[in-house]
1. So for the stretch 198-206 (the condition being within 19 Å of the chain's Cα centre (by Cα) and either crowded, with 17+ Cβ neighbours inside 10 Å or over 30 Å from ASN352 (Cβ atoms) (or both)), does at least one residue qualify?
2. Is one or more of the residues making up the stretch 285-299 open to solvent by 10 Å² or more (accessible area, probe 1.4 Å), farther than 20 Å from GLN29 by Cα and either of a type in the set (D, E, K, R) or in a strand (DSSP E or B) (or both)?
3. Scan the stretch 210-222 residue by residue and report those that are over 21 Å from the mean Cα position of the chain (by Cα) and open to solvent by 60 Å² or more (accessible area, probe 1.4 Å).
4. May I ask you to list the residues in the stretch 265-284 that are open to solvent by 20 Å² or more (accessible area, probe 1.4 Å) and not in a helix (DSSP H, G or I)?
5. Just checking, which of ASN352, ASN329, ASN319 is under 21 Å from ALA171 (Cβ atoms) and not small (Gly, Ala, Ser)?
6. Show the residue pairs that are 6+ apart or on different chains and have beta-carbon atoms under 8 Å apart, the first residue being within the stretch 45-58 and open to solvent by 60 Å² or more (accessible area, probe 1.4 Å), the second being small (Gly, Ala, Ser) and modelled with pLDDT under 90.
7. Among the residues of the stretch 1-39, which ones are at pLDDT 90 or above and open to solvent by 70 Å² or more (accessible area, probe 1.4 Å)?
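The values are calculated or read from the model by the stated rules, or taken from the named source; none is laboratory data. Nothing here was measured: the structure is a model prediction, and the numbers come from that model. Every residue, glycine among them, receives a Cβ derived from its backbone with ideal geometry; neighbour counts consider all protein chains shown. Quick note on the areas: whole protein, heavy atoms, side chains included, nothing else; ligands and nucleic acids left out. Shrake-Rupley method; radii C 1.70, N 1.55, O 1.52, S 1.80 Å.
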Amino acid sequence: MLKTTVLAAAVIAVAASAADYRVLAPTAQDNLTVFPVVSDASHKTDMFLTLDEGIRSGQVVVTEMGNGGFVRPRRRGSALPDPWPEHPIPVPPPQSSGAEVNRLMLVNNSDRPLILLAGEIVTGGKQDRIVGRDRIVAPHSEPVDLSVFCVEPHRWVAQSEKFGAAQAMMAQPSVRQKAMAAKDQHQVWNEVARSREAVVAAAPPAAAGALAGTSSYAQTMDNSAVAKRVDVVAAPLARSWDKAMGELRAHNAVGAVVAVNGEIVWADIFASPSLLEKYWPKLVRSYAADAVSLRGYNKPASEQDAQAFLDNFRAQRQNVESEPAVYRNTEITGAGFDAFVLTALLPGTDFNVHIAKMKD
């Protein structure tokens, strides 16, 4: 892994690509406003695997760091390990576990590169975690150290040795911001606690009793009463987008700018409409969870404000984290914002796969 300062030319390239993005008239529900983002440019992204797809198929395996990791099966008649087995074999955990809060191990055993987005929830093991940063994992990878943040602060006992991706669930933007920009576990825990308290308070009273014994962010958001409250905001937006998806696809919709209580707070932009559609069910519910937990005055947000937020990539500081020939993750800090640009460097790519931009 290579860490260095981003060259000015790289930031200029990001700003130039941002100039291709345009916001359209928004869809609003309660205190949440979502502006579709369209672009004249699109890229072929069907070669990528999502975390949901990989875990569901069994081709992506996650385990606790320190619980033995993975070993490769050997070729029959060979003393050498097979570099591309169909599935890695987990080693049974040792008697004294060395599992760590902020580290998991992941193997991508598929033929496709795996996209990991910051904020995706991984459930299981000794605690639920969220992915801490965007990255791409090459096909048939060796085990990689997956940087994560705990979102279940009061449990350190394995309920399941298996890990799964929380279906149709991603941490809300206010939690993602603490992981991506602040990079601070205690700030993540504090934001999880605040968000859990707020969404439970907004749900029917039965939710509080049902969730009294857990600190799990994932279980809170999956609680039927909380989910219904979030769906009051999310479902109408999802239906509006579904109804308009043909038109949005024709306009090459690749992302969304999000406003809560009339204030622009977030943007997610992808390399293609198809990639946006894969993540949209998780994203729209995460935006709605923020709207429920940050409920305030429902003032309008304008297209001009959304476009201005999208246009501004003037950097005060830039850093890049890169795995050569696989991906580059560029962090851009500007006046009042942080942005993260995931660029694929695999053969035939060299384009931005995902841009996350957040109000500081």
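1. Checked against the condition, which is being within 19 Å of the chain's Cα centre (by Cα) and either crowded, with 17+ Cβ neighbours inside 10 Å or over 30 Å from ASN352 (Cβ atoms) (or both), the stretch 198-206 yields no hits at all.
2. no
3. Scanning the stretch 210-222 gives ALA210, ALA212, GLY213.
4. Hit for the stretch 265-284 is VAL265, nothing else.
5. None of the other options fit; the residue is ASN329.
6. Here the result reads ARG56/ALA165, each pair linking the stretch 45-58 to a residue that is small (Gly, Ala, Ser) and modelled with pLDDT under 90.
7. ARG22
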